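Peer 1: Take this structure first; my questions come after.
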Amino acid sequence: MPPTPGYLLQGVLVQEMRPGRGEAIIGLTRDPLVGPVVTVGAGGVLTEIYRDSSTRCAPVTLDTAREMVSAVKGFAPLRGYRGFAEGDLEALARAVATFSRLALAPAIEEAEVNPVAILAPGAGVVMLDALIRLREDAVT
């Protein structure tokens, strides 16, 4: 297929494939009644299966992000439940708080990262796939 006339490639992003101990989804949307909201939940294919998530008005503080992560039942294994290997849920909470700050950019209509690979404690998280949709009136 030939390139679209007038299209200018400005760059390419290559992200490593990285297995984790678990996966999360982080999303930001703009609700017409309450404004921007951030959601965190079990990610990857588990997003559709469990529909287990926590949502708050955005942006959120780190303490609120920790509460959100704690509210997701699907992360129980990553807390060491029944001997499962723990994951870096503190890093996930930091990612949620940081990601929620996208709400401060009025041009962003919605954003999602799925999956976020949750690594071993102290090793952090890796955002593996992301989408940001701008408001139509913000696109030039």
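The values are calculated or read from the model by the stated rules, or taken from the named source; none is laboratory data. Everything quoted here is computed from the prediction, not taken from an experiment. Don't worry about glycine lacking a Cβ; one is built from the backbone with ideal geometry, like all the others, and counts go over all protein chains shown. For accessibility, only protein heavy atoms count, side chains too; no ligands or nucleic acids. Shrake-Rupley method; radii C 1.70, N 1.55, O 1.52, S 1.80 Å.
Peer 1: Given a 1.4 angstrom probe, what's the average accessible area per residue across the chain, in square angstrom?
Peer 2: Result: 64 Å² per residue.
Peer 1: Projected onto the charge dipole of the chain (+1 at Lys/Arg Cβ, -1 at Asp/Glu Cβ, origin at the Cα centre), which of A107, T29, A58 gives the Cα projection farthest towards the positive end?
Peer 2: Farthest towards the positive pole: A58.
Peer 1: Right, something else. Relative to the longest principal axis of the chain, what angle (0 to 90°, nearest 10) does the C-alpha long axis of helix 62-71 take?
Peer 2: Approximately 70 degrees, to the nearest ten.
Peer 1: Counting only protein heavy atoms and a 1.4 Å probe, tell me what percentage of region 14-57's accessible area is made up of carbon and sulfur.
Peer 2: The nonpolar share, carbon plus sulfur, comes to 57 percent.
Peer 1: Just how much of T4 is accessible, in Å², when a 1.4 Å probe is used and the result is rounded to the nearest 10?
Peer 2: Its accessible surface works out to 100 Å², give or take rounding.
Peer 1: Dipole size in debye (nearest 20) for the chain around its Cα centre, Lys and Arg Cβ +1, Asp and Glu Cβ -1?
Peer 2: Taking the Cα centre of the chain as origin, the dipole is about 280 debye.
Peer 1: Can you give the net charge of the other residues whose Cβ lies under 9 Å from the Cβ of N114, counting K and R as +1 and D and E as -1?
Peer 2: Here the charged neighbours net out to -3.
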